[in-house]
1. If we scan the stretch E:72-82, do we find a residue that is under 21 Å from residue E:105 (Cα atoms) and either more than 13 Å from chain B (Cβ to nearest Cβ) or under 21 Å from the mean Cα position of the chain (by Cα) (or both)?
2. Given the criterion within 12 Å of chain B (Cβ to nearest Cβ), under 27 Å from residue B:125 (Cα atoms) and buried (at least 21 other Cβ atoms within 10 Å of the Cβ), identify the matching residue among E:93, E:97, E:69.
3. State yes or no: is residue A:44 within 29 Å of residue D:90 (Cα to Cα), of a type in the set (A, V, I, L, M) and within 16 Å of ligand 4 (Cβ to nearest atom)?
4. Condition first: over 19 Å from residue E:83 (Cα atoms) and more than 16 Å from ligand 4 (Cβ to nearest atom). Now tell me which residues in the stretch B:108-140 satisfy that.
5. Out of E:64, E:104, which single residue is within 16 Å of the chain's Cα centre (by Cα), in contact (Cβ under 8 Å) with a residue 40 or more places away in the chain and more than 8 Å from every other protein chain (Cβ to nearest Cβ)?
6. Quick check, is residue D:150 among the β-branched types (Val, Ile, Thr), at negative phi and not in a helix (DSSP H, G or I)?
7. Take the residues in the stretch B:31-56 that are surrounded by fewer than 20 Cβ atoms within 10 Å (Cβ to Cβ) and more than 11 Å from chain A (Cβ to nearest Cβ); name whichever of them is nearest to ligand 1 (Cβ to nearest atom).
Amino acid sequence: MLEVRDFAIERSGLPVLSGLNFSVAAGDALILRGPNGIGKTTLLRTLAGLQEPSAGTCTFPPDEGAYASHADGIKTALTVQENLAFWGDVYGNAVPDAIWDWFDLGDLRDRFAGTLSAGQKRRVGLARLGVIGRKVLFLDEPTVSLDGFSVKLFTQFLRDQHLASGGIAVIATHIDLGLDEAETLDLTPFATSVSGATDSDEAFL
Amino acid sequence: MLEVRDFAIERSGLPVLSGLNFSVAAGDALILRGPNGIGKTTLLRTLAGLQEPSAGTCTFPPDEGAYASHADGIKTALTVQENLAFWGDVYGNAVPDAIWDWFDLGDLRDRFAGTLSAGQKRRVGLARLGVIGRKVLFLDEPTVSLDGFSVKLFTQFLRDQHLASGGIAVIATHIDLGLDEAETLDLTPFATSVSGATDSDEAFL
Amino acid sequence: MSLWEYANPKKFMGWTGPILPWAFGAAGVCLVTGLIWGFFFTPDDYRQGSTVKIIYLHVPAALMAINAWIMMLVASLIWLIRRHHVSALAAKAAAPVGITMTLIALMTGAIWGQPMWGTYWAWDPRLTSFLILFLFYLGYMALWAAIDDPDTAADLTSVLCMVGSVFALLSRYAVNFWNQGLHQGASLSLDKEENVADVFFFPLLVAIAGFVLLFFALVLLRTRTEIRSRRVRALQLREGRR
Amino acid sequence: MIALLLRDLRLATRAGGGFGLGLVFFLIVVVLVPFGVGPETEILSKIAAGILWVAALLAALLSLDRIFALDFEDGALTLIATAPIPLEAVGLAKAIAHWLTTGLALTVAAPVLGVLLQLPSGAYGFVALTLLLGTPALSMIGTFGAALTVGIRRGGLLLSLLVLPLYIPTLIFGAEAVRRGAQGLDATTPLLMLGGITAGAFAMLPFATAAVLRINLR
Amino acid sequence: MIALLLRDLRLATRAGGGFGLGLVFFLIVVVLVPFGVGPETEILSKIAAGILWVAALLAALLSLDRIFALDFEDGALTLIATAPIPLEAVGLAKAIAHWLTTGLALTVAAPVLGVLLQLPSGAYGFVALTLLLGTPALSMIGTFGAALTVGIRRGGLLLSLLVLPLYIPTLIFGAEAVRRGAQGLDATTPLLMLGGITAGAFAMLPFATAAVLRINLR
Amino acid sequence: MIPDLGKYAAEVGLAYAVSIALLVAIVGLSWRQSKRQKAALDAAEARKNG
Ligand code: HEM
Ligand SMILES: Nc1ncnc2c1ncn2[C@@H]1O[C@H](COP(=O)(O)OP(=O)(O)OP(=O)(O)O)[C@@H](O)[C@H]1O
Ligand SMILES: Nc1ncnc2c1ncn2[C@@H]1O[C@H](COP(=O)(O)OP(=O)(O)OP(=O)(O)O)[C@@H](O)[C@H]1O
Ligand SMILES: [Mg+2]
Ligand SMILES: [Mg+2]
């Protein structure tokens, strides 16, 4: 259960979004929408705890959050298998055997990650989510560079593995994921009006 | 006029696509489709002359090609305006005033490129295409991270500015650009069977 | 009303504006008096000849070089603990003044060294530790300059200032251990017997007061500039938004 | 933390990973100096110990920017920061990995390269001992510096500028211990100081590193 | 080409751009050496000229990886390669920009830093002269090396390894000219050689740089 | 009125010249930056209000 109350966020001292209230129940996904620059990335980073909100609270079970951005931290000098095994070790999990099917990585298992195409690399990045076994996922445009088939694979993983086992996902995306049961939140109305001031700058305004 | 004959390409000595034949007339666009890893990126780089084809020829008016990849060469320490002006200088063109409208960059003009969101940055990268004034564009997933409105802006630019003035565009993409008049080429049938050997390796086979 | 209220940028601009000219005025008066007194109206030392006149620049600058760093350390701590923006900006503002003082101390010292020790530079501990201090200032300023986000820059430079202070002390001990010095010991102690003669001492005091006041005035002026630039930045960012 | 350490070691030993390059840089500086100062044995043997220490320090310094920058650029650092490892442990693991891939190799190589610089024979043991005691401090201090500059693109030279003054005490005590040792003087004090700096660095700097990383990832 | 040169200079002078850092590195190496070899004036003044040259060389070396790597990472290099500038001109522009931001500053600073190393008074002019003649070669050779390693992530140390042997002739002639000059001997031959290396580098290496860039961008 | 500085005139003069130059430089620099920033702020303020 993820609960966000009176949330306000800023980027480099500039207010970005405010007045956010929402909650996502276990097993549900929330899709964030909004034009470029509205603050989706900033919101996800703040929810994941990488930066402080300027107001409000975000609660979810401790040690259950995980964040995935564009840059998926794949080491080009390690093989796909080694990359995933590392994240398994960090989170104290084994790499599930099924993961190779979930993300159609069987053939790429022993390739160095540096020799993958853009979409293949992305699939490895997403497979990390299946390895770390976190319940609350914050995903920033997860399907960039993926072809239609891979998007389906990913949606299927989310639905059948992650959400089905009581997981939560908050996803920022510009395309249609085909995750019809998920609620959608348009961020446009929450954009902070220009006159709002944040902690760090209000002193100067 | 772009003409590609009996084209075959390789990546790190491994054959990727072969037997490609197509031509694109002035004022037309060609959309490349195909699953991840089929070789779209490799094909575009080869067409643009960044690597040699393993067979066949690609002809287009000399000094008219331009390539745009994911990495759009934007300097984070320069402002948007300075970034575009640099490319204008390199190609000997002035930055057209209309560019700020075409890509909705008016407000961002004096921002440092490093402080833009993913989509805003992408828009700057695309605006470069309007500055350099090249006729034959090879675009690799140009709309990644763009919201629906920006995708429309881009399609509009392609159609009304670039193609309308006799330009050519070859575009690899996984999403629907709404460029309905463009032909589509599915690369799947051209994937080279694994047994094919390339120039540089056949000596060892 | 707590004392901290004066550290609010608006308040700060308010109360510093009027005293700024006075600070510069007082600094100018003290500096001119001290230096003219020292340069024109003091006798030569029997051992050092007229070079003793360099003391009126050298010693105040050396004192302020160290004090500026200490002030930056305190300001950094205040920023880290209480997050008063003016405090971080004052630390930033002090660094260029501090490095100038360090440079003056180094250069007057070097010039003094030629007649006294026969060399512009010797790896004397006092001199060496000033050189190290110069490097710390350089690094600190470079870090400020390299980071775009002002709060991040303030945080990082504050940590650097703290860690750097520990290592600066360690360096001081290390260079003392490493080489025996040529430089004289402190003679500005309260213990009267070791003190320089009064003829040199009083103009020196006035010059020191001048340097202190000048430092104060410059830090005020520069802090005001930094506050303005933060405000410009905030306004510009705001304009840049749709 | 062990997983991170092992991964870093594995990455370092892969192609382009940087293992051994620190060593090579050390070798090259040592080789360059005689070309610069000329071949006289007598002068060389006087400056040998000092040059070895300076070269070791430069070699350590130049491999610092790999510590965090690669992980930062490909996003791994953000992910590690949200993983269940305290950032203090991350800093420590990184410093240890750096020492294992750089400092240890330098320590082993220094006596060998001493030959090129006509190092006096009594000094070999001291060079190895002081490097063994001192290079861990170089790695830990450097890790702090690398964390400080991680957000800055190509912060490599800035990193050097920030870290070098922090390295000076280690250098002084290290080189001084060798010089005293080689002349048969008592080298206890500098050796103790060297050990003290290393111990102190490992006791305090992981926390500073974590704090600075947190700020930079914000 | 002018556009590229101007952009590079502008980037270098922006925050985090690296202008002046080469200089600072030079300063730091010069400062470190006495800490390593000890404070004795007599030894220092003997090795001063050589150390200055070695330090200048290292400072130039360490700023090399900025030449192409930044442009490569953000894709600008690919775009420049398909732009209507010959790659030879790109190489030349990069080398000139590097020299203006590094070599020139080093040349100016070297006599000042000579004071710290107790450089003999007769040697100041020669240090400045040889650096002025020699550092352009360092920039051009380094640009070639940077082009060679541009595809390699964090190739910095590898770059040093590749470039250093190429730098050795410049170093030898440069340091030798200063030593002879300071002792009042005839320094014409090493000075001529130094000039020759620079001229040769600028005549040939832009082409090699362009060729290597072409291969690396493939 | 200029005091007799003896054989060290060059040194003392140089020391004073260098120091005063540096002091003037830092004061001038601070002053110029202050003016610049003030102008920039006034411009930004005007844009905001106008
Ligand atoms: C670059 C070189 C030098 C540096 C960095 C330097 C640094 C300092 C510092 C930090 C002080 C203040 C110490 C204190 O008050 O405790 C000082 C004081 C002083 N220095 Fe230097 N010094 C240098 C060269 C020289 C030389 C060459 C001379 C003359 C022979 C000299 C003569 C003095 C004197 C007379 C004092 C006043 C001592 C006292 O009353 O405390 N210094 N110097
Ligand atoms: N550096 C490399 N070394 C070896 N093989 C590579 C390298 N880069 C890509 N490949 C392989 O070459 C093939 C073509 O890759 P390419 O990047 O052209 O695909 P793509 O069609 O652009 O895919 P995507 O839609 O995922 O971007 C893939 O099978 C990929 O695994
Ligand atoms: N480093 C930065 N400094 C200052 N402002 C920034 C910085 N990064 C982003 N911004 C601004 O903060 C706002 C929110 O950016 P954010 O990246 O969260 O947008 P987003 O919704 O993820 O957009 P996109 O769909 O393009 O990825 C934007 O207006 C952007 O211009
Ligand atoms: Mg985003
Ligand atoms: Mg691709």
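The values are calculated or read from the model by the stated rules, or taken from the named source; none is laboratory data. Everything numeric in this text was worked out from a predicted model, so none of it was measured. Cβ placement follows ideal geometry from the backbone for every residue including glycine, while neighbour counts extend to all protein chains displayed.
1. Start the filter on the stretch E:72-82 by keeping residues that are under 21 Å from residue E:105 (Cα atoms), which leaves none.
Looking for residues that are under 21 Å from residue E:105 (Cα atoms) and either more than 13 Å from chain B (Cβ to nearest Cβ) or under 21 Å from the mean Cα position of the chain (by Cα) (or both), one finds none in the stretch E:72-82, hence no.
2. Details: E:97 fails: within 12 Å of chain B (Cβ to nearest Cβ); E:69 fails: within 12 Å of chain B (Cβ to nearest Cβ).
After ruling out the rest, the residue left standing is E:93.
3. Details: within 29 Å of residue D:90 (Cα to Cα): yes; of a type in the set (A, V, I, L, M): yes; within 16 Å of ligand 4 (Cβ to nearest atom): yes.
The answer is yes for residue A:44.
4. Those that are over 19 Å from residue E:83 (Cα atoms) and more than 16 Å from ligand 4 (Cβ to nearest atom): B:109, B:110, B:112.
5. Working: E:104 fails: in contact (Cβ under 8 Å) with a residue 40 or more places away in the chain.
Residue meeting the stated conditions: E:64.
6. On the way: among the β-branched types (Val, Ile, Thr): yes; at negative phi: yes; not in a helix (DSSP H, G or I): yes.
So residue D:150 fits the description; yes.
7. B:50
Here is a yes/no grid of residues against (1) surrounded by 23 or more Cβ atoms within 10 Å (Cβ to Cβ); (2) modelled with pLDDT under 90; (3) in a helix (DSSP H, G or I):
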{"site": "A:122", "(1), (2), (3)": "yes, no, yes"}
{"site": "A:137", "(1), (2), (3)": "yes, no, no"}
{"site": "A:142", "(1), (2), (3)": "yes, no, no"}
{"site": "A:150", "(1), (2), (3)": "no, no, yes"}
{"site": "A:153", "(1), (2), (3)": "no, no, yes"}
{"site": "A:156", "(1), (2), (3)": "no, no, yes"}
{"site": "A:159", "(1), (2), (3)": "no, no, yes"}
